[in-house]
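Input: a single structure, listed below in structure tokens.
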Amino acid sequence: CPDVVELLPKPEHERKLWRTHVRAWTCYVPPHYAGDIVLFRTPGHPLVCSFDHRMGWSDFVGGKIVVKICQGDHETILEEENVRFTAREVKSVLDEIQNSKPVRALDG
């Protein structure tokens, strides 16, 4: 897999994480998934797929793709000023899924 990030300026304790991240980004091909997904993304990223609303996931997902736009950018989506917004979006999706499940009678 190619080296696409210069790691020398990064602190030593971050280099292994960056190598793993870049390797996953450049080499991993996810298997096809037949179900629906919810994609949490930021408004845009200048480097990868910002022209594609679904960030390239259409090739791997057979079901519906619901896109939720979160505050911040790719690097800051989970930083303090944005994490509450992201958490509310995730909770909203989980609540919707929980409330839409059919109630099954217990055998007894």
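The values are calculated or read from the model by the stated rules, or taken from the named source; none is laboratory data. Computed from a prediction, not measured in an experiment: that's the story for all the values here. Positions of Cβ are generated from backbone atoms using ideal geometry, with glycine treated the same way; all protein chains shown enter the neighbour counts. The protein model used for the area step is the full one, side chains on, heavy atoms only, and it has no ligands, DNA or RNA in it. Shrake-Rupley method; radii C 1.70, N 1.55, O 1.52, S 1.80 Å.
The figures follow:
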{"item": "Odd one out for Asp59 among (1) modelled with pLDDT of 90 or more; (2) loosely packed, with under 14 Cβ neighbours inside 10 Å; (3) acidic (Asp, Glu)", "result": "(1)"}
{"item": "Qualifying residues in region 16-41 (those that are touching a helix residue (DSSP H, G or I) at 6+ places or on another chain (Cβ under 9 Å) and in a loop (DSSP other than H, G, I, E, B)) - the one most open to solvent (accessible area, probe 1.4 Å)", "result": "His32"}
{"item": "Scan of region 63-87 for residues that are surrounded by fewer than 12 Cβ atoms within 10 Å (Cβ to Cβ) and either modelled with pLDDT of 90 or more or not in a loop (DSSP other than H, G, I, E, B) (or both), ordered by number", "result": "Gly63, Lys64, Glu80, Glu81, Arg84"}
